[in-house]
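A short write-up of the structure that comes next.
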Number of protein chains: 2
Amino acid sequence: MKNRPLSLLIVFVISSLAARARAADPLPSWNDTAAKQSVIAFVEKVTAKDSPDYVAPVDRIATFDNDGTLWAEQPVYVQLLFTLDRLREIAPQHPEWPNQEPFASVLKGDLKAAAAGGEKAIAELVMATHAGMTTAAFEKIVVDWIATARHPQTDKLYTEMVYQPMLELIDYLKAKEFKVFIVSGGGIEFMRPWTQRVYGIPPEQVIGSSIKTKYELRDGKPYLVRLPALNFFDDKEGKPVAINHHIGRRPIAAFGNSDGDYQMLEWTTSGEGLRLGLVVHHTDADREYAYDRTSKIGQLSKGLDDAKSKGWIVADMKKDWNRVWIGKALDTNTSDK
Amino acid sequence: MKNRPLSLLIVFVISSLAARARAADPLPSWNDTAAKQSVIAFVEKVTAKDSPDYVAPVDRIATFDNDGTLWAEQPVYVQLLFTLDRLREIAPQHPEWPNQEPFASVLKGDLKAAAAGGEKAIAELVMATHAGMTTAAFEKIVVDWIATARHPQTDKLYTEMVYQPMLELIDYLKAKEFKVFIVSGGGIEFMRPWTQRVYGIPPEQVIGSSIKTKYELRDGKPYLVRLPALNFFDDKEGKPVAINHHIGRRPIAAFGNSDGDYQMLEWTTSGEGLRLGLVVHHTDADREYAYDRTSKIGQLSKGLDDAKSKGWIVADMKKDWNRVWIGKALDTNTSDK
């Protein structure tokens with residue numbers, strides 16, 4: 001008993017040392033290349049109180065694209081695969097679909113013919129699967145699907161096709177008192193049911209494309225009903241607009257992977273003071289995919305051309321990441337507040 | 001030196017006791033009536049870990065209306081007074097206005113004639129003053145105005161016409177790990193420049209009505225430009241829609257004062273589990289204003305009729321509040337994280 005203060009002190013010192021050791025490398029899945037060094041240098045400069053680049057915690061806003069930046073987007077966007085699964089699931093309730101494009105082609109498995117209808121056809125497929133139910137019902141549909149649906153090429157759950165290095169970045173920024181947002185071209189209500197669990201990002205920090213909703217009483221009980229009408233398309237020029245609408249201030253760091261993120265990166269890095277822009281370049285056909293200028297999904301061309309003059313870091317997946325996918329460690333890596 | 005651990009212990013005990021004394025009454029400007037007791041009982045039930053009504057911190061979402069709930073809205077909304085001031089300020093740049101309604105009437109001081117043009121006239125006045133500049137320029141206009149403009153009847157700054165009891169509620173909820181949002185019919189960009197300073201609520205937790213914005217490059221530098229087109233009207237049925245869009249989950253507590261808040265209260269309190277709805281009833285003509293069913297601003301009629309059956313607390317300003325306005329203590333009361 002006499003030595004209790006001493007033993008407490010020892011415990012304290014040991015845990016501090018252990019914590020420091022853990023903190024020593026916040027980004028273990030990143031190789032020690034320029035990309036990693038630049039990210040860490042940025043974070044240290046904006047968080048050190050005596051730094052000329054210091055930014056108060058309240059202004060430490062970071063935005064991440066989702067498809068291709070936090071999880072895989074090949075061979076097509078996950079939400080498109082959800083849409084197709086969902087179409088097949090509800091087809092029995094739509095006896096008219098076998099005689100109606102673009103549904104007929106989808107049900108026959110001919111996606112090329114379905115896509116021939118262009119944007120109008122795609123909008124019809126999306127609305128048929130994403131609208132017409134309450135927000136609560138849609139949430140359940142997404143939760144059920146994401147729990148079991150598997151990637152056509154890897155057979156992994158989609159939530160296992162999340163990039164470990166990017167998760168480490170999110171956790172690192174959160175530990176440094178950044179408020180982290182997702183700003184995605186994907187559907188806001190398609191992401192929110194699982195972003196807290198998978199990324200540690202709560203629904204109110206998820207921004208995306210949306211359809212309109214309507215407040216409605218049914219037997220005196222209120223519901224929000226999803227309508228087949230676009231509310232906002234959160235891509236390209238839409239991203240800074242949505243950032244302003246939802247967050248109300250300019251991020252100091254932005255992370256993307258395609259030209260759909262160009263304006264978000266541009267908006268973020270043209271603010272005053274030190275800023276960080278990072279583009280994930282998919283260069284790893286062995287571990288993931290390799291695509292950029294000519295890809296229909298996640299095209300990256302202008303972003304590659306301008307990265308140097310804009311001061312954006314291009315993270316080369318093959319060279320800069322020593323690990324791509326999250327593993328079973330997911331639960332511990334992504335626990336949130 | 002020998003007694004250092006002991007003196008540290010004493011300091012610790014004393015500060016703990018002082019903190020407990022301060023914490024003893026989190027709502028000192030509320031009289032000890034049923035309203036206050038119900039609020040505290042709710043908060044204690046949802047935050048006590050062993051309570052059947054326990055809610056995890058991540059789900060502790062509270063929403064507050066602004067006009068008439070957090071600050072005064074009589075004789076007319078503050079934003080309308082801003083609009084009129086602004087019209088007079090920029091009138092010299094609009095030589096056509098003296099011959100053009102509704103501007104001509106406003107410049108002559110005949111608001112009744114201006115209002116005769118109905119919603120279309122009001123929209124024209126709002127767009128003429130709120131659109132056509134960058135978001136940064138508009139923010140500066142608001143910051144400059146709110147720093148000096150004074151209420152026509154009290155001669156106070158508008159930010160001094162904030163209700164101390166409601167600020168105490170915000171601080172109390174924040175201390176209990178609630179995430180507090182403003183959900184107002186007022187303009188989102190009219191509030192965000194000062195809500196952090198005055199209420200301790202950061203811009204990303206402010207939801208309101210909005211006009212459209214456009215991403216634009218000028219000499220290679222990006223700007224967001226405010227367009228003369230309504231984006232969203234955040235009132236009545238719009239409030240639950242906006243809550244879902246911005247927050248992505250249902251609040252467990254909502255605070256309003258007019259029938260414009262009815263659906264927000266209804267949406268909040270029809271969720272499962274324990275919920276809190278509170279309506280501020282303006283009953284104090286001496287210290288503030290007394291108005292409800294027949295007022296053109298902040299009309300409260302259906303809310304009064306249904307409060308009892310819906311289980312909403314009606315806070316009677318005259319009976320329940322021992323103090324109305326914030327005082328010079330503002331800075332210490334509203335500091336944020």
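The values are calculated or read from the model by the stated rules, or taken from the named source; none is laboratory data. This is a predicted model, so every value here is computed, not measured. Virtual Cβ from ideal backbone geometry, glycine too; neighbours counted across all protein chains shown.
Scanning the range B:313-324 for residues that are in contact with a helix residue (DSSP H, G or I) (Cβ under 6 Å, 6 or more places away or on another chain) and not small (G, A, S) yields a count of 5.
Quick grid of which residues meet (1) among the charged types (D, E, K, R); (2) over 24 Å from B:N31 (Cβ atoms):
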{"position": "B:L265", "(1), (2)": "no, no"}
{"position": "B:D286", "(1), (2)": "yes, no"}
{"position": "B:T294", "(1), (2)": "no, yes"}
{"position": "B:L304", "(1), (2)": "no, no"}
{"position": "B:V314", "(1), (2)": "no, no"}
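Mind checking which helices (runs of 4 or more DSSP H) fall wholly inside the range B:103-217 and carry at least 1 residues that are under 24 Å from B:G327 (Cα atoms)? Result: B:135-148, B:164-175, B:188-199. Among the residues making up the range B:260-298, those that are within 14 Å of chain A (Cβ to nearest Cβ) and out of contact with any strand residue (DSSP E or B) (no Cβ under 8 Å at 6 or more places or on another chain) are B:G271, B:E272. Condition check: more than 26 Å from A:A315 (Cα to Cα) and either modelled with pLDDT of 95 or more or assigned to a helix (DSSP H, G or I) (or both). Does A:E89 satisfy that? Yes. Residues that are surrounded by fewer than 16 Cβ atoms within 10 Å (Cβ to Cβ) and among the acidic types (D, E) within the range B:285-305 comprise B:D286, B:D305, listed in sequence order. Out of the residues in the range A:69-86 that are assigned to a helix (DSSP H, G or I) and of a type in the set (V, I, T), which is farthest from A:Y291 (Cα to Cα)? Among them, the one singled out is A:T83.
Residue-wise test of (1) within 12 Å of another protein chain (Cβ to nearest Cβ); (2) touching a residue at least 40 places away in the same chain (Cβ under 8 Å).
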position: B:P165; (1), (2): no, yes
position: B:L173; (1), (2): no, yes
position: B:E189; (1), (2): yes, yes
position: B:R197; (1), (2): yes, yes
position: B:E204; (1), (2): yes, no
position: B:G208; (1), (2): yes, yes
position: B:V225; (1), (2): yes, yes
position: B:F233; (1), (2): no, yes
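Out of all the residues in the range A:58-65, is one or more out of contact with any helix residue (DSSP H, G or I) (no Cβ under 6 Å at 6 or more places or on another chain), surrounded by fewer than 19 Cβ atoms within 10 Å (Cβ to Cβ), assigned by TED's automatic domain parsing to the domain that holds A:I188 and within 30 Å of A:I326 (Cα to Cα)? Within the range A:58-65 (the criterion being out of contact with any helix residue (DSSP H, G or I) (no Cβ under 6 Å at 6 or more places or on another chain), surrounded by fewer than 19 Cβ atoms within 10 Å (Cβ to Cβ), assigned by TED's automatic domain parsing to the domain that holds A:I188 and within 30 Å of A:I326 (Cα to Cα)), the answer is yes, since at least one residue qualifies. Among the conditions (1) small (G, A, S); (2) more than 14 Å from every other protein chain (Cβ to nearest Cβ); (3) closer than 26 Å to A:I252 by Cβ, the only one that A:A104 does not satisfy is (3).
Applying the set (1) modelled with pLDDT under 95; (2) touching a Pro at 6+ places or on another chain (Cβ under 8 Å); (3) assigned to a loop (DSSP other than H, G, I, E, B) to A:L27 leaves exactly one unmet item: (1). Of all the numbered requirements in (1) under 26 Å from A:I313 (Cβ atoms); (2) polar (S, T, N, Q); (3) touching a residue at least 12 places away in the same chain (Cβ under 8 Å), A:S270 misses one, and that requirement is (3).
Right, A:G132: over 16 Å from A:F82 (Cα atoms), in contact with a Pro (Cβ under 6 Å, 6 or more places away or on another chain) and surrounded by 13 or more Cβ atoms within 10 Å (Cβ to Cβ) or not? Taking the combined requirement at face value, the residue does not satisfy it.
Just to be sure, is B:N3 at pLDDT 95 or above and among the polar types (S, T, N, Q)?
Values: at pLDDT 95 or above: no; among the polar types (S, T, N, Q): yes.
No, not satisfied.
The residues on offer are A:K318, A:K239, and the sole one that is surrounded by 24 or more Cβ atoms within 10 Å (Cβ to Cβ), of a type in the set (K, R) and out of contact with any Leu (no Cβ under 8 Å at 6 or more places or on another chain) is A:K239. Listed here are the helices (runs of 4 or more DSSP H) enclosed by the range A:225-337 that have at least 1 residues being among the hydroxyl-bearing types (S, T, Y): A:262-269, A:302-310, A:330-333. Residues in the range B:210-219 that are of a type outside the set (A, V, I, L, M, F, W, C), surrounded by fewer than 19 Cβ atoms within 10 Å (Cβ to Cβ) and either within 16 Å of B:W145 (Cα to Cα) or facing chain A (nearest Cβ under 9 Å) (or both): 3 in all. Selection of the range A:40-54 for residues being among the β-branched types (V, I, T) and without any contact (Cβ under 8 Å) to a residue 24 or more places away in the chain yields only A:I40.
Candidates are the residues of the range B:135-163 that are without any contact (Cβ under 8 Å) to a residue 40 or more places away in the chain and touching a Lys or Arg at 6+ places or on another chain (Cβ under 7 Å); the one that is surrounded by the fewest Cβ atoms within 10 Å (Cβ to Cβ) is B:R150.
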